[in-house]
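Asker: The following block contains the structure, expressed as structure tokens.
The values are calculated or read from the model by the stated rules, or taken from the named source; none is laboratory data. It should be emphasised that the depicted structure is a prediction, and the values quoted were computed from it without experimental measurement. Quick reminder, even Gly has a Cβ in these numbers, built from the backbone with ideal geometry, and neighbours come from all protein chains shown. Accessible surface areas use protein heavy atoms only, side chains included; no ligands, DNA or RNA. Shrake-Rupley method; radii C 1.70, N 1.55, O 1.52, S 1.80 Å.
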Amino acid sequence: MAEEMKKKEEYVLECHGISKAFGGTQALKDVELLVRAGEVHALLGENGAGKSTLMKCIIGLHQQDEGTIQFEGKPYAVKGPVEALNAGISMIHQELNPEPHLSIAETIFLKREDTRGILLNKKAQNERAEEILRKFDFPHSAKTLMKELTLAQMQMVEIIKAVSCNARLIIMDEPTSSLDSEETEHLFRTIRDLKAKGVAIIYISHRMEEIFQICDHVSVFRDGTYVGERSMEGVTRDELISMMVGRKVENVFPKTDCEIGDVVFKVEGLTGKGFENISFEVRKGEILGISGLVGSGRSETMRGIFGMDPITGGKLYLEGKEIKIKKPSQAIKQGICMVNEDRKNFGLALHRSIRENMALPTLPLKQKAPLLNKKQEEKDCLDMGKLLTLKAASIEHEAFSLSGGNQQKVVLAKWLLANPKVLILDEPTRGVDVGAKSEIHSLMCQFAAKGMAVIMISSELPEVMGMSDRILIYHEGKINGEVKREEILSGDEDQESILRRAFGGK
Amino acid sequence: MAKKEEKVLGMDREKFRMFMGKYGIGVILLIMMVFISIMEPAFRSGSNMVNVATQVSINAMIAYGMCLAITTEGIDLSVGAQLALVSCILGQLISNKGWGIIPAIVVAILVSTAWGTINGFLISKFNMFPFVVTLSTQLIIRGLAQVVSGGQAIPITDATFKQIYSAKLGPIPFPILVLILATILMYLVLHWTKFGRYVFAVGDNMQAAIASGVSIIKTKTATYAISGFLAGVAGVIFTAKTASAQSNIGVGYETDAVAACVLGGTSFAGGVTTVPGVLMGIFIIGFIYNGMNLIGIDSYYQSMTKGAVIIGAVLLDMVMNKKNS
Ligand SMILES: Nc1ncnc2c1ncn2[C@@H]1O[C@H](COP(=O)(O)OP(=O)(O)OP(=O)(O)O)[C@@H](O)[C@H]1O
Ligand SMILES: [Mg+2]
């Protein structure tokens, strides 16, 4: 009896036998999750394994079909996030959903506003927000509107919001997928502080290094079922991966060296908001990696090239001829395509089907007849889905019903189908699981081998270093150095030297 | 908190929900028809059905244009005034100027299409709110109608012109043929053409559509041009029905069109609509008028019923399609 009592106390959160189905899709089957007080508990599983679904059941966004949840030893049932917060659980969502017209302060205190009687106490609220932001070295004032922030900054606000409400359990669903190494380090410091205060954290990520760095225990899911729990001490990376995928993933960065041809695309003195005097070229068959801190102008440059933001100076050359790009349609027509890092705002029409999303950019190219050739389209989509190991019940399902990583695959698919001359990838494997990541990487090599020029921005250093023929390093809107693959292979350049340049060093 | 699947009408709860989400509007339509038939058996007769279908053809044209506009996250409030302008142009050209019927119709529909194009261009090029743009052009268009007609009702006595409403192919009146044709065309346009895909993409996520190379200006301008064209067709049928050109007709017609769209599952958030759904919405509105007339209920109550049915249908839709965001 006493034994049992003790066991009970040990866990802050106990989920037993949770099942959840969406229509015909069984997202969770009889899963368990036990989280101890003051620990960081990792959840690991492939895309679509059911991690986010379980978390949404915990904070009441979904109601499980079966199973019980206990929080701090007491039965726990909530109808929504506000109730969950009152009970002591907050969550950072995988898919950000900011209200663009709210200020940072308003976002942080949404649904728990500072009031004086029935009136909002804006001043006090702003002051409190400023104070919290300062603790995080956040570069904007609390009055800044959400729509002015970058994706990474929105993510930081989301994190700040979740940790500032004194929850005793914080769920973090891929909090770092759009952060760079510095911001990630900041988050980890925060996590350690929270841990010291006895707060429990559930941490979901596809980045294994992070899990080894920060977590105490890990629970692994596969296809909606619970595989098991391990202590991080004494478990190996390979063991976790094989628990997760049910097989071994051989090579994480399957870079093949392919023949590098002529210069396809050249940029000269490109200038715009957030970047200045950028010049580089990329060749047929080459993968050009772009590294640097978030906000260093990497994404801004690419958005400028693709015609999404205005550029104020500089020239673009495609296959030796100067080209002008004022909007994305012109870029696409000339064979330059871009996977945007922000899949929710610039990537997907969430209420439309997977098929419609995948086919959209290539409609003018592939559909010449007055009526759509849906047979051919279906074949293209299914083939591409298979190549990317897309997990979906059918291509007619709406995009929002997919898990985060699978949504990312749909975005990739829509641009790979366009088979461009130059493919710009901004964080191409954001939120994608280890297995699929290596599939995507080998796909990148295949396309490069066929003569495509690939430009890849990534905040994940191992990814840029493992995949690129050449790496450009950005610092504060300028290119601060270039590293070749040979230099990395020979050990002349390493993670540290690249980071040093990203911070402005030589 | 453990919740076993409840059964509803012999279906899993989740299945029932999906079924109602998809076909709920059809179920409402059927229930209404059964209900009215019981109250008034004359409702069921073939001739009454033909009658309803003929009457709804005018609202149907407008509703199809409206559903395009709403799907791109807009609205077209100018349709009622377009009806009046088309009517006045027809009256002026046919009765006063002695034009032939075909050229007069062509000119009238060209004018309404041009106004639709202007609406779309203002909305897309200058990023103005569709509500504001069409609310304003509606005033201009109605004013123009008054200018064209000189403020007088112009009778159109040409018998061939009146045939547009009353001519029959076998048992089927001409307006029903137009309705069938328009339905088929709309279905093809929305679900089988690039333009349809663009309409959905722009309505669901405009930024993503731009980033995929879709032209917002072309898509939205075409959307409102089609709405103007269809309002023109509706105006021709309407004028043939009344055999008189008046500048004060069509007031409030946008309401019935919006109602049909909403009943048919068109989302004001954009990006979601189906042609079969809107067609059923059109018939529900038609049956409310027809059924209540047959049963002998006062027209005040018709309007109230319409409002209540719309709110009920939308609520039902929200419960059935409860989105777990
Ligand atoms: N609202 C929904 N409607 C229908 N199916 C859904 C819905 N939400 C999730 N699913 C399905 O449930 C399964 C589990 O999805 P979930 O989002 O939990 O995966 P995940 O483990 O978080 O994956 P990822 O690593 O990609 O984020 C997937 O097959 C997904 O398609
Ligand atoms: Mg997820």
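Asker: Any residue that is surrounded by 20 or more Cβ atoms within 10 Å (Cβ to Cβ) and within 16 Å of the chain's Cα centre (by Cα) - is there at least one of those in the range A:384-403?
Answerer: Yes, the range A:384-403 has at least one match.
Asker: Kindly check whether there is at least one residue in the range A:227-241 that is hydrophobic (A, V, I, L, M, F, W, C), at pLDDT below 95 and touching an Asp or Glu at 6+ places or on another chain (Cβ under 8 Å).
Answerer: yes
Asker: Moving on to the next point. Identify, please: which residue in the range A:380-412 is assigned to a helix (DSSP H, G or I) and basic (Lys, Arg) and is, among those, farthest from ligand 1 (Cβ to nearest atom)?
Answerer: A:Lys386
Asker: Residues that are open to solvent by 20 Å² or more (accessible area, probe 1.4 Å): list the helices (runs of 4 or more DSSP H) wholly contained in the range A:95-186 that include at least 2 such residues.
Answerer: Helices (runs of 4 or more DSSP H) meeting the threshold: A:122-135, A:151-163.
Asker: Quick one: which helices (runs of 4 or more DSSP H) sit completely within the range B:214-325 and have at least 3 residues that are without any contact (Cβ under 8 Å) to a residue 12 or more places away in the chain and open to solvent by 10 Å² or more (accessible area, probe 1.4 Å)?
Answerer: Because the criterion is at least 3 residues that are without any contact (Cβ under 8 Å) to a residue 12 or more places away in the chain and open to solvent by 10 Å² or more (accessible area, probe 1.4 Å), the helices (runs of 4 or more DSSP H) in the range B:214-325 that meet it are B:299-320.
Asker: Considering only the range A:54-80, state which residues are of a type outside the set (A, V, I, L, M, F, W, C), within 16 Å of ligand 2 (Cβ to nearest atom) and free of Cβ contacts under 8 Å to residues at least 40 places away in the same chain.
Answerer: Residue satisfying the conditions is A:Lys56 alone.
Asker: Being in contact with a Leu (Cβ under 8 Å, 6 or more places away or on another chain) and over 30 Å from A:Arg298 (Cβ atoms) is true for just one of A:Met208, A:Met232, A:Met243. Which residue is that?
Answerer: A:Met243
Asker: Here's a follow-up. Cβ-Cβ distance below 6 Å, separation of 6 or more or different chains: which pairs start in the range A:129-154 with a residue that is of a type outside the set (Asp, Glu) and end on one that is open to solvent by 50 Å² or more (accessible area, probe 1.4 Å) and in a helix (DSSP H, G or I)?
Answerer: Final answer for the pair search is A:Ala142/A:Glu130.
Asker: Does A:Gly435 qualify as being within 16 Å of ligand 2 (Cβ to nearest atom), part of a loop (DSSP other than H, G, I, E, B) and in contact with a helix residue (DSSP H, G or I) (Cβ under 6 Å, 6 or more places away or on another chain)? Spell out the reasoning first.
Answerer: Numbers: within 16 Å of ligand 2 (Cβ to nearest atom): yes; part of a loop (DSSP other than H, G, I, E, B): no; in contact with a helix residue (DSSP H, G or I) (Cβ under 6 Å, 6 or more places away or on another chain): yes.
Against the criterion (within 16 Å of ligand 2 (Cβ to nearest atom), part of a loop (DSSP other than H, G, I, E, B) and in contact with a helix residue (DSSP H, G or I) (Cβ under 6 Å, 6 or more places away or on another chain)), A:Gly435 does not qualify.
Asker: Is there any pair linking a residue in the range A:169-191 that is within 17 Å of A:Gly431 (Cα to Cα) to one that is among the hydroxyl-bearing types (Ser, Thr, Tyr) and in a strand (DSSP E or B), with Cβ under 8 Å and at least six apart or on different chains, and which?
Answerer: A:Ile171/A:Ser90; A:Met172/A:Tyr203; A:Pro175/A:Tyr203
Asker: Taking the condition small (Gly, Ala, Ser), crowded, with 20+ Cβ neighbours inside 10 Å and within 22 Å of the chain's Cα centre (by Cα), does A:Ala349 pass?
Answerer: yes
Asker: So, one more: Can you run down the residue pairs with Cβ atoms below 7 Å, 6 or more apart or on separate chains, where the first is in the range A:420-432 and more than 16 Å from ligand 1 (Cβ to nearest atom) and the partner is polar (S, T, N, Q) and outside any strand (DSSP E or B)?
Answerer: Correct list of pairs: A:Asp426/A:Ser299; A:Asp426/A:Asn340.
Asker: Which one is nearest to A:Asn340 (Cα to Cα) among residues in the range A:404-415 that are under 17 Å from the mean Cα position of the chain (by Cα) and within 13 Å of chain B (Cβ to nearest Cβ)? I'd like the intermediate steps shown before the answer.
Answerer: Our first condition is that a residue be under 17 Å from the mean Cα position of the chain (by Cα); within the range A:404-415, this holds for A:404-413.
From the residues that got through so far, the ones that are within 13 Å of chain B (Cβ to nearest Cβ) too are A:407, A:410-411, A:413.
Details: A:Gln407: 13, A:Val410: 12, A:Val411: 8, A:Ala413: 13 Å.
Once the filter is applied, the top-ranked residue is A:Val411.
Asker: Using the structure shown, decide if A:Glu281 is outside any loop (DSSP other than H, G, I, E, B) and without any contact (Cβ under 8 Å) to a residue 40 or more places away in the chain.
Answerer: For A:Glu281, the condition - outside any loop (DSSP other than H, G, I, E, B) and without any contact (Cβ under 8 Å) to a residue 40 or more places away in the chain - is met.
Asker: Something else: Keeping to the range A:91-110, report how many residues are away from ligand 2 (no atom under 16 Å from the Cβ) and in contact with a Pro (Cβ under 8 Å, 6 or more places away or on another chain).
Answerer: 1
Asker: OK, next. Could you figure out which of (1) open to solvent by 10 Å² or more (accessible area, probe 1.4 Å); (2) at pLDDT below 95 isn't true of A:Phe280?
Answerer: It fails just one condition, (2).
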